[in-house]
1. Looking at Asp359, Asp420, Asp396, Asp401, which is the one that is within 28 Å of Leu488 (Cα to Cα) and modelled with pLDDT of 90 or more?
2. Given the options Ala87, Ala37, Ala91, Ala107, name the one that is closer than 18 Å to Ala182 by Cα, at pLDDT below 95 and hydrophobic (A, V, I, L, M, F, W, C).
3. Which numbered condition in (1) open to solvent by 40 Å² or more (accessible area, probe 1.4 Å); (2) within 30 Å of Gly208 (Cβ to Cβ) is the only one that Arg287 fails?
4. Considering each of Val531, Val525 in turn, give the residue that is buried (at least 19 other Cβ atoms within 10 Å of the Cβ), of a type in the set (Val, Ile, Thr) and closer than 30 Å to Phe260 by Cβ.
5. Quick one: what pairs do we get from region 149-173, first residue free of Cβ contacts under 8 Å to residues at least 24 places away in the same chain and within 21 Å of Pro186 (Cβ to Cβ), second open to solvent by less than 80 Å² (accessible area, probe 1.4 Å) and among the basic types (Lys, Arg), C-beta under 8 Å, 6+ apart or different chains?
6. Output yes when any residue across region 201-212 is more than 21 Å from Val292 (Cβ to Cβ), touching a residue at least 40 places away in the same chain (Cβ under 8 Å) and either part of a helix (DSSP H, G or I) or open to solvent by 40 Å² or more (accessible area, probe 1.4 Å) (or both), and no when none is.
7. Consider Ser477 carefully, then state whether it is open to solvent by 10 Å² or more (accessible area, probe 1.4 Å) and touching a residue at least 24 places away in the same chain (Cβ under 8 Å).
8. Filtering region 368-385 down to residues that are within 17 Å of Leu424 (Cβ to Cβ) and assigned to a loop (DSSP other than H, G, I, E, B), which residue is most open to solvent (accessible area, probe 1.4 Å)?
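The values are calculated or read from the model by the stated rules, or taken from the named source; none is laboratory data. Computed from a predicted model, the values in this text were never measured in an experiment. When we count neighbours, we look across all protein chains shown, and the Cβ atoms used for this are built from the backbone with ideal geometry, even at glycine. The area values use the complete protein model at the heavy-atom level, side chains included, leaving out ligands, DNA and RNA. Shrake-Rupley method; radii C 1.70, N 1.55, O 1.52, S 1.80 Å.
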Amino acid sequence: MPASLSRRRLLLTTGAAALALGPAGAACAEIAQPLTAIMAGAMPAVDPFAQALAIAAAEDEAIAGFYRDRDYAPLWTTADDAVRRNALLAALAGAAAHGLPVARYPAADLVAAFRAARTEGDRGRLEVAMTRAFLDYARDVQTGALEPGRLIGGIKREIAVRDRRGNIDTFAATPDPAAFLAALPPQRQEYVQLMTAKLALEALVARGGWGPAVAADSLGPGDSGPAVVALRDRLLAMGYLRRSATQDYDAQITRAVAAFQTDHGLDPSGDATPGTMAEINRPPEDRLAAVVVAMERERWLGAELGHRHIWVNLADFTARIVDDGRVTLQTRTVVGEARTEKQTPEFSHEMTYMELNPDWTVPPGIIRRDYLPKLQSNPHALGHLQIIDRRGRVVDRDAVDFSTYSASNFPFTLRQRPGDGNALGKVKFMFPNPHSIYLHDTPHKELFPREVRAFSNGCVRLADPFDFAYTLLGPQSADPETTFHSVLDTGRQERLEITPAVPVHLDYRTAFANPRGRMQFRRDVYGRDKVLFAALVEAGLDQTAPQG
């Protein structure tokens, strides 16, 4: 075949492939330009490797631009690329340990493609497949595989997704590919502990789990028989009990149940109540699912929580002040109700001040949802609240016909003045945010002893707000308690600035490690973990686990 005819067939094949891509933007133009030059005799025929690579990368500008800027030099597919190639394939093979949807970057398929590659076109397509797998893996293991805000409205977290082109450029320049890949996942100790728990639970599931469920609604001291034996055996398998031959609910079993209750956020009474028995009977697959979701949440958080930060775990009903990894104060909380519209959202912000002797301006959502209907039924309802017009004036409620307004056009705000009965108590902790969420005191202390404390309209109530304030003021005052009370005791509504500002993270963890590294599990009171785990499975997570 004449060389000119061969070249023309190559040009026609390349052009047809480019046109078949349709309106792929600049990428098609990048293919068309060298074709014009070749047809004019200005340059040699397109290299088959570069041709296949360019076509395969055309619809992804990050990949197309990367190879274009390096003149289509390979990154993965030559003998000189073996170290980089093997480092990535090893990382992809270990992606399941991170609880990632491994179907997105199948290492085994890539290895098979390397073995099957015969032509330069195969090699060009394989270059793109490897780069795409790298970029998908890097994104997922750095900042998470899911876009949680699209799945759950209550997750308001801003996730700092890394630049794809920046990732591949940096990786291409690194002298140590394995170290680069090892540094991609979160480096916090919490992530390491979750991964360790995941591997242990997977091994446990493979061995058959914790044995049969206990066939009893509840058990306690004085009980005896087969159900107690089943409870004994399950506690033994879980690591809460030493080997024993007892059939009686004795002191040893009581202590084991109390330890289990502590690790699962239950009242450590030592009695296997119905709530405790439900948690004891959960299969290890449920705990594994909780750990996998917790690992995904860790990836959303970003690299730095803050040397000093506030950590609010909504599922644990606790708030902590953490200094350089050490919990300096922990207090119980009450969080939003389980109803979707009242759930406390998840996000991070900075706490900048506390307000002492606060008034309470009722959030618009509560007015529309709860208070306007009450005022329409009885204008003298909610007598502890003032009616405030748009100019800030107190309005006589007898002068208002509430029945003429709807949730969309109600022109007033409702405000409760400072005082002992104020819904916010004596102090609120402010991190101004678009969700109108803050931490605060409360006059209603009776809810804090309960196991499940989801009762608020969305804000977070603190059981020990004064101690919380003293600890926050510690770095800026030699005598934080005196500083706090010198303002509080005036009875006036005043601010105390918090300097420097303290990062605050409202998160939702049903699985986490306590300060001693022991795994803790909590109930999925908002049902969020169930949704997230199902999404991970749909995305390609290589496991299934029921979670209720």
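1. Numbers: Asp420 fails: modelled with pLDDT of 90 or more; Asp396 fails: within 28 Å of Leu488 (Cα to Cα); Asp401 fails: within 28 Å of Leu488 (Cα to Cα).
Residue meeting the stated conditions: Asp359.
2. Numbers: Ala87 fails: at pLDDT below 95; Ala37 fails: closer than 18 Å to Ala182 by Cα; Ala91 fails: at pLDDT below 95.
One residue alone meets the criteria, Ala107.
3. (1)
4. On the way: Val531 fails: buried (at least 19 other Cβ atoms within 10 Å of the Cβ).
It is Val525.
5. Gly149/Arg157; Val161/Arg139
6. No; the residues of region 201-212 include none that is more than 21 Å from Val292 (Cβ to Cβ), touching a residue at least 40 places away in the same chain (Cβ under 8 Å) and either part of a helix (DSSP H, G or I) or open to solvent by 40 Å² or more (accessible area, probe 1.4 Å) (or both).
7. On the way: open to solvent by 10 Å² or more (accessible area, probe 1.4 Å): yes; touching a residue at least 24 places away in the same chain (Cβ under 8 Å): no.
So Ser477 fails the test.
8. As a first pass, look at region 368-385 and keep what is within 17 Å of Leu424 (Cβ to Cβ): 370-371, 382, 384-385.
Narrowing the set further to residues that are assigned to a loop (DSSP other than H, G, I, E, B) leaves 382, 384-385.
Working: Leu382: 29, His384: 97, Leu385: 7 Å².
Among those residues, the one meeting the criterion is His384.
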